[in-house]
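Novice: This is the structure I want to talk about, given as structure tokens.
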Amino acid sequence: MKKQLFRLAAFTSLSLFAWSCNQSDPTPKGDYIQGVFVVNEGNFSQNNGAISFFTREQTTAQADIFSAANGTALKGGVQGYAASGETGIILVDNMSAGQDKVEIVNSNTFKTIASIGTPDIENPREVVFGSNNKAYVSCWGTNADQKFTTGYVAVVDLLTNKVTKRIDIASGGPENLVFNNGKLFVGTVSYGKGKTLSIINTTTNAIDKTLSFENAPSPVGIDADGKLWVNDGIKVIKMNPDSYNAEATLTIGSDATKFADKFTFSSDRRTVFFVLSYFDAAGEHGGTYKFGINDAQVNITTPLIKRIFTGLAVDPTQGLLYAGVTPSYAQAGYAVRYRADGSLVDSIKVNVAPTGFFFK
């Protein structure tokens with residue numbers, strides 16, 4: 001009898017333990033648990049930006065999942081989207097003053113949770129998630145005089161869904177963001193004419209240091225060796241993210257009339273892809289190239305892909321290169337998938353002006 005009681009008690013304990021594990025780790029619910037999110041900037045004058053979605057196995061996309069989930073459009077151009085856990089943040093830039101916002105959604109269902117509008121959010125540009133339930137949004141500010149002197153980084157408390165601080169970035173218009181080890185690296189937009197990289201301590205949410213560059217610096221990200229890469233005009237610089245010393249400088253040709261952008265890492269973070277383009281009377285031309293993080297120079301003799309794109313990103317799960325194609329701002333664009341060697345996989349019709357991707 002004692003053995004039977006012991007076995008029963010042990011079985012009951014194991015059952016309760018298994019039940020507890022199942023209860024504490026429920027399966028996420030929603031239509032957007034895994035897949036590819038496409039940021040469609042839209043036509044600025046029409047405020048018709050949207051987020052498209054498809055799973056990795058699909059060849060057709062849902063054109064506007066925010067409208068499908070909420071019964072209303074985002075009502076603005078979409079500048080960015082990122083998610084962490086069940087929290088997603090969409091950046092909406094409306095052509096009318098005072099109508100910009102950050103839309104916070106459940107990343108699995110895309111149901112809206114909260115909106116943060118002006119004056120806390122003005123001309124949002126990029127969003128990254130930090131630590132301690134914080135997100136950071138670069139904003140140009142009102143920028144009414146087009147001199148890019150009203151910019152700042154908004155600190156969003158994800159527990160209250162409110163902006164708790166604005167960190168002024170008065171020179172050049174804050175743009176690309178890279179978060180690493182308690183530091184936020186803030187670049188400036190090229191046509192803002194700013195030439196400084198600001199480093200924010202995310203514990204104090206204050207600027208610790210400002211570094212000067214020859215051109216508008218754009219932080220690319222952290223590579224497999226823990227080094228920070230920064231685009232500076234037609235060159236890229238590999239930096240130590242702690243000492244801020246430059247460890248390598250790679251030139252991207254010698255033609256200063258060309259423009260390098262859309263930098264993105266491969267899934268192993270050992271290769272960098274980018275678009276190099278130029279304008280003439282016939283429009284924009286160029287190609288897509290790559291280089292390794294230990295290369296001594298960037299080879300631009302032969303492009304990886306003989307075309308330019310409005311967006312570029314690598315899926316960390318499959319390693320495929322995703323490229324945004326915008327035929328015009330009056331029709332739907334395409335997400336085109338390539339292998340790492342530049343060979344074409346397929347293309348998927350999305351929405352107007354695809355400029356970014358988020359993978360989940």
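The values are calculated or read from the model by the stated rules, or taken from the named source; none is laboratory data. None of these values were measured; they are calculated from a predicted model. No Cβ is skipped: glycine too gets one built from the backbone with ideal geometry, and neighbour counts run over all protein chains shown. Surface accessibility is based on the protein's heavy atoms, side chains included, excluding ligands, DNA and RNA. Shrake-Rupley method; radii C 1.70, N 1.55, O 1.52, S 1.80 Å.
Novice: In region 97-131, what count of residues is obtained for those that are open to solvent by 50 Å² or more (accessible area, probe 1.4 Å) and either among the basic types (K, R) or in contact (Cβ under 8 Å) with a residue 24 or more places away in the chain (or both)?
Specialist: 8
Novice: Any idea which residue in region 42-65 is least open to solvent (accessible area, probe 1.4 Å), counting only those that are over 23 Å from S347 (Cβ atoms) and out of contact with any Lys or Arg (no Cβ under 7 Å at 6 or more places or on another chain)?
Specialist: S45
Novice: For the subset of region 249-264 comprising residues that are in contact (Cβ under 8 Å) with a residue 24 or more places away in the chain and among the β-branched types (V, I, T), which member is least open to solvent (accessible area, probe 1.4 Å)? Let's see the steps before the verdict.
Specialist: Taking region 249-264 first, the residues in contact (Cβ under 8 Å) with a residue 24 or more places away in the chain are 250-253, 258-264.
Next cut, among the β-branched types (V, I, T) only: 251-252, 264.
On the way: T251: 82, I252: 3, T264: 21 Å².
Checking each candidate, the answer is I252.
Novice: Further question: Would you point out which residue out of I207, I237 is at pLDDT 95 or above and open to solvent by less than 60 Å² (accessible area, probe 1.4 Å)? Walk me through how you get there before you give the answer.
Specialist: Working: I207 fails: open to solvent by less than 60 Å² (accessible area, probe 1.4 Å).
The match here is I237.
Novice: Another question, then. Can you tell me which residues in region 170-189 are surrounded by 21 or more Cβ atoms within 10 Å (Cβ to Cβ) and farther than 14 Å from Y136 by Cβ?
Specialist: Passing the criteria: G172, G173, T188.
Novice: Please identify the pairs in which a residue from region 150-161 that is more than 20 Å from R125 (Cβ to Cβ) has its Cβ atom under 6 Å from the Cβ atom of a residue that is part of a strand (DSSP E or B) and not hydroxyl-bearing (S, T, Y), counting only partners at least 6 apart or on another chain.
Specialist: none
Novice: All but one of (1) crowded, with 20+ Cβ neighbours inside 10 Å; (2) modelled with pLDDT of 95 or more hold for G192; which doesn't?
Specialist: (2)
Novice: List the strands (runs of 3 or more DSSP E) that sit entirely inside region 153-203 and contain at least 3 residues that are over 17 Å from the mean Cα position of the chain (by Cα).
Specialist: Fully inside region 153-203 and qualifying: 162-168, 196-201.
Novice: Just to be sure, is Q297 in a loop (DSSP other than H, G, I, E, B) and farther than 21 Å from W229 by Cα?
Specialist: no
Novice: If the Cβ limit is 9 Å and pairs must be 6+ apart or interchain, which residue in region 29-44 that is part of a loop (DSSP other than H, G, I, E, B) pairs with which residue that is basic (K, R) and at pLDDT 95 or above?
Specialist: G30/K111; Y32/K360; I33/K360; Q34/R56; Q34/K360; G35/R56; G35/K360
Novice: Which residue pairs have Cβ atoms under 9 Å apart, sit 6 or more places apart or on different chains, and have a first residue in region 318-331 that is in a loop (DSSP other than H, G, I, E, B) and a second that is at pLDDT below 95 and surrounded by fewer than 15 Cβ atoms within 10 Å (Cβ to Cβ)?
Specialist: From residues that are in a loop (DSSP other than H, G, I, E, B), the pairs are Y329/S45.
Novice: Within region 110-130, is there a residue that is under 20 Å from P174 (Cβ atoms) and hydroxyl-bearing (S, T, Y)? Let's see the steps before the verdict.
Specialist: So in region 110-130, the residues under 20 Å from P174 (Cβ atoms) come out as 116-130.
Those still in the list that are hydroxyl-bearing (S, T, Y) too: 118.
Yes - at least one qualifying residue is present in region 110-130.
Novice: Right, next: Read through the list (1) open to solvent by less than 50 Å² (accessible area, probe 1.4 Å); (2) touching a residue at least 12 places away in the same chain (Cβ under 8 Å), then give the number of the only condition that K290 fails.
Specialist: The number of the failed condition is (1).
Novice: Additional query: Kindly indicate which of S343, S347, S328, S267 is closer than 25 Å to D225 by Cβ and open to solvent by 20 Å² or more (accessible area, probe 1.4 Å).
Specialist: Being closer than 25 Å to D225 by Cβ and open to solvent by 20 Å² or more (accessible area, probe 1.4 Å) holds for just one of S343, S347, S328, S267, which is S267.
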